[in-house]
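To start, the structure under review is shown below, and the notes come after it.
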Amino acid sequence: MTDNIKKDTVLTKLMWNTQVFAPTHYPIELVTGESFWFFDEMGDDRVGFYAQAGGGWRNGAVDTIGGSPSSPTFLPVGVKLMWLSFAESCFYHTVMFLPQDTLVQLAQQTLTTDEQVVKNLINIQFAIAPNGFVSLRAGFANHIQELGTHEAEVANASWEFFALTNHFDPNLMSMEQYIAKRLEKAPKALQEQAKNGNLPTRWQEYSERKFPWHLASDVELFAYQVTYVNGESSWQRIFANKQNADTPTKLQPAPAWIGLFFKKNNQRHHAVVNLSHHQFGRTEQPDDDVAVFEVFKRFFSSNRPTALVIHLTKDMTGNVFLTNGHKEQMLDAQITTKILADDEYPWFE
């Protein structure tokens, strides 16, 4: 398939699985037989898989069939994806080669908390958005990294080809009927977007726009987790004798959720800071992260290093704001806090 494939691939057998995401109300469906992992340079050794997605950019409903081994095996060289974008009424295709060394490293340090409890297991994720945008992510549970983004090309595929490869008679349902059925629950505004070809591009911005911020708090943090608007999720452990998460400021996406593990009055607490409009436990909606992302874009016009401060009051309510020493910006945040029972999160000493 190419002459430029990396030759010094690490030969390590892993358990890995395939996950496909797409934003709510912007569903996609992979084309059976035209979406597959390939394991050799010519693409002859391959494993096909199929998925329908449209339940969330970071998480949500996804129906994936195949594409994951039942026992540890070598990672594939790359993947070919071809899908029908319902909101755009067209097909896309792309071929991506995997950063195998990076995937192996991630699999060997997979985390569910700050402790290493899972090894040699990795989720490989494709988050697909309108205009052929694909985000490649990998990791496990609460530790996900975005490894790269890709722009797919429009594929010149016929409806008859799609129907036959997906094992149904194209004469039984037209492409227009098939698409209308998938979009019938979408809001009217989105249906108008699809009709006019005026689809948003915010998911590209979520991955491409990064801001110089770090976390700070007035409680004794033990660990914290950040879930970003681009789908990444990371854990950080606070080292001894450090009261705040005042690590050096780095460029990172805007946050959607922040989880804090901290001690106050000799009791262990867990706080969840929701900066998104997303309701925990439900699939994401189209506008969940728009507000917080727009605030970050406006505030960081100067690109000064900035602290995202989480201030918790005595009654465990509080406020969240950005400050760079010259200006401040309050954030619309919902904070929920609970005292942990003795058997909850035993790694939290």
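The values are calculated or read from the model by the stated rules, or taken from the named source; none is laboratory data. Every value quoted in this text rests on a predicted model; they were computed, and no experiment measured them. Here the Cβ is made from the backbone with ideal geometry for all residues, glycine too, and neighbour counts use every protein chain on show. Just the protein is used for accessible areas: all its heavy atoms, side chains included, with ligands, DNA and RNA removed. Shrake-Rupley method; radii C 1.70, N 1.55, O 1.52, S 1.80 Å.
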Taking strands (runs of 3 or more DSSP E) that fall entirely within segment 209-303, which contain at least 3 residues that are farther than 20 Å from Glu328 by Cβ, open to solvent by less than 40 Å² (accessible area, probe 1.4 Å) and modelled with pLDDT of 90 or more? 220-228, 255-264, 267-274
Of (1) open to solvent by less than 80 Å² (accessible area, probe 1.4 Å); (2) under 30 Å from Trp235 (Cα atoms), Leu190 satisfies every one except (2)
Looking at (1) assigned to a loop (DSSP other than H, G, I, E, B); (2) among the hydroxyl-bearing types (Ser, Thr, Tyr); (3) modelled with pLDDT of 90 or more, which is the one condition that is false for Thr149? (1)
Find all pairs meeting these conditions: Cβ atoms under 7 angstrom apart; at least six residues apart or on different chains; first residue within segment 117-146 and more than 19 Å from Gly67 (Cβ to Cβ) and part of a strand (DSSP E or B); second residue at pLDDT below 85 and open to solvent by less than 10 Å² (accessible area, probe 1.4 Å). His143/Thr110
List every residue pair whose Cβ atoms sit under 7 Å apart, with the two residues 6 or more apart in sequence or on different chains, where the first one lies in segment 207-232 and is under 19 Å from Arg58 (Cα atoms) and the second, anywhere, is of a type in the set (Asp, Glu). Ser207/Glu146; Val229/Asp289; Asn230/Glu146; Gly231/Glu146; Glu232/Glu146
Could you run through segment 28-58 and say how many residues are free of Cβ contacts under 8 Å to residues at least 40 places away in the same chain, open to solvent by 50 Å² or more (accessible area, probe 1.4 Å) and not aliphatic (A, V, I, L, M)? 5
Quick check on my filter: what residues within segment 188-203 are of a type in the set (D, E, K, R) and at pLDDT 85 or above? Lys188, Glu192, Arg202
Selection within segment 304-331 - within 25 Å of Lys250 (Cβ to Cβ), in a loop (DSSP other than H, G, I, E, B) and at pLDDT below 95: Arg304, Pro305, Asn324, Gly325, His326, Lys327
Do you know which residues across segment 177-206 are without any contact (Cβ under 8 Å) to a residue 40 or more places away in the chain and either within 20 Å of the chain's Cα centre (by Cα) or in a helix (DSSP H, G or I) (or both)? Gln177, Tyr178, Ala180, Lys181, Lys188, Ala189, Gln191, Glu192, Lys195, Asn196
